[in-house]
Each structure stands twice: as structure tokens, then as C-alpha cells.
Amino acid sequence: LYFLIAGPKYRTIADLRGTTLGVSNLRGGSTLLLQKMLGRHGLVHKKDYDMIEAGGTPKRFAAVKTGGVSASVVTIPTNFQAVDEGLILLDQAPRYFAHYDFSVIAVNTNFARSHPQAVVGVLKAVIRATRWFYQEANRDRAVDLIQRVVKVSPKYATLTYDTLFKELKAVPPQAEVTEQGLEPVIEIMVELGQLPGKIPPLQYVDDSYRQQALKALAAR
């Protein structure tokens, strides 16, 4: 869920040629996503643009606003605020990565084996909460929750909800981890040297606890 924002004078991605972009760190996953996005438009790092470390989303947003960098990627809901403040939304990662496991819930395998009911309980809660968010009848309460927890205005909370749960359907409704979602993550980890080579995506997934959670919820 990364969105490419730029200063007002950069109207297209081609306009970024010869400029410096802000990133969280030079070898981070979001940085490689940015490079892949720009690569789809023919721009290559070092040849066509430079990058500097600018910090997390708030700092990258500030760097674009002040002109310290030409562009950067930010997350929801900063993308909406950026547009409202006169910056340009040039592109967004979901256009190129329809499935991407940006964040997951992981558990130590030894703990899971010795505390199976705790793991199943957490997954039951996650599934129930996610289902609740997807129900249109809960939209107003969900927006209020986003506003209070994320500490954003009602406008940005509403846009965040609609983008995540109506437009992109970005949150797996049953807490599932899919092969399609893990494949691009593994590819990026290989490129970053964090894995020696491509591996079967589901090698790191044990779905048995989630299946127990689904069975328990169905029996209620």
C-alpha cells in the first residue's frame, strides 16, 4: 500500500529523471518496491535518479513538501493528505502488485506447539475482527475506530476505510496467507540478498492453526 507522491512541478514519472528521491533506507523492501515501480516506466536507479535516506513516512512526506527530495512513497492515509496539500500523486504500488503480503502475524514455532489454544485464539480474534470491518453495516463505527486509533481526521479515516476494505480489499478476510502474496515478497528478499535463492512460498506457512480457528468459528 505504497503511493508515489511528488512535488507540484513533477507532473509525470518521467519528470523525476535526474532528481533525488527520498527512501526509508537504501536497501529496504519499500525502496525496492519504489525501484520496481519506476522501472516499469523506464527509470533505473543511479542512471536516471538518485536516492537518499529520509526516514519514515512522516519524514519522507515532509521532505517532499519542502523540496528536499523530488518524490517518495508514503502509506495510507498520508497519500490523501499529500494531495490535499498540493502534492502530486504519480503512481501506486497496487497497480503492479495485486497480491503482496506487506505485513503478517508470525509466531515462534516452539511457542505455537506448546500453546496451541493461545495461537488459535489470536487467529479467531483476527478473523472475527476482519470480518467485522468488511461488513458495510459497521462502516461508520469502523471509520470512527480508525479515526481514534490512527489519530486522523474523519475525512482521512473514511478514505482509509474505503480504500482498504472496499476498493482494494487489502486485508485478507479470513487471515489467509497465500502463495500469490508471498511470491513477490520472496523475490524482493532474494534481490536484497536476504535469501540465497527462490524458495516455495508456502514453505514458511503452517495453516493448521488458522484452520482450527475457522472450524471453531463455524461451530459457534
From Ala54, Ala112, Ala118, Ala106, which residue is of a type in the set (Gly, Ala, Ser), in contact with a helix residue (DSSP H, G or I) (Cβ under 6 Å, 6 or more places away or on another chain) and within 30 Å of Glu176 (Cβ to Cβ)? Ala112
Report whether or not Ala93 is among the small types (Gly, Ala, Ser) and either farther than 17 Å from Gly29 by Cα or open to solvent by 10 Å² or more (accessible area, probe 1.4 Å) (or both). no
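In segment 53-78, which residue that is over 14 Å from Pro8 (Cα atoms), in a helix (DSSP H, G or I) and not hydroxyl-bearing (Ser, Thr, Tyr) is least open to solvent (accessible area, probe 1.4 Å)?
The qualifying residue least open to solvent (accessible area, probe 1.4 Å) is Arg60.
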Filtering segment 190-218 down to residues that are farther than 22 Å from Thr109 by Cα and under 20 Å from the mean Cα position of the chain (by Cα), which residue is modelled with the lowest pLDDT? Leu192
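Name the residue, out of Val150, Val122, Val104, that is open to solvent by 60 Å² or more (accessible area, probe 1.4 Å), among the β-branched types (Val, Ile, Thr) and more than 16 Å from Asp206 (Cβ to Cβ). Give the steps one after another, and end with the answer.
Working: Val122 fails: more than 16 Å from Asp206 (Cβ to Cβ); Val104 fails: more than 16 Å from Asp206 (Cβ to Cβ).
Step by step, each of Val150, Val122, Val104 is checked, and only Val150 is open to solvent by 60 Å² or more (accessible area, probe 1.4 Å), among the β-branched types (Val, Ile, Thr) and more than 16 Å from Asp206 (Cβ to Cβ).
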Working carefully through the options Ala129, Ala175, find the one that is in contact with a helix residue (DSSP H, G or I) (Cβ under 9 Å, 6 or more places away or on another chain), open to solvent by less than 80 Å² (accessible area, probe 1.4 Å) and more than 24 Å from Gln35 (Cβ to Cβ). Ala175
Within segment 1-22, considering residues that are in a strand (DSSP E or B) and β-branched (Val, Ile, Thr), the one least open to solvent (accessible area, probe 1.4 Å): Ile5
Looking only at segment 23-50, and only at residues there that are in contact with a helix residue (DSSP H, G or I) (Cβ under 7 Å, 6 or more places away or on another chain), open to solvent by less than 40 Å² (accessible area, probe 1.4 Å) and not in a loop (DSSP other than H, G, I, E, B), the one that is farthest from Tyr2 (Cα to Cα): Tyr49
Could you list, ordered by first residue, the pairs with Cβ atoms under 9 Å in which the first is in segment 135-148 and farther than 15 Å from Leu159 by Cβ and the second is in a helix (DSSP H, G or I) and open to solvent by 50 Å² or more (accessible area, probe 1.4 Å), at least 6 apart or interchain? Glu136/Lys166; Asn138/Trp132; Arg141/Trp132
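The values are calculated or read from the model by the stated rules, or taken from the named source; none is laboratory data. Note that this is a predicted model, so its numbers are computed, not measured. Don't worry about glycine lacking a Cβ; one is built from the backbone with ideal geometry, like all the others, and counts go over all protein chains shown. Keep in mind that these areas ignore ligands, DNA and RNA; they rest on the heavy atoms of the full protein, side chains included. Shrake-Rupley method; radii C 1.70, N 1.55, O 1.52, S 1.80 Å.
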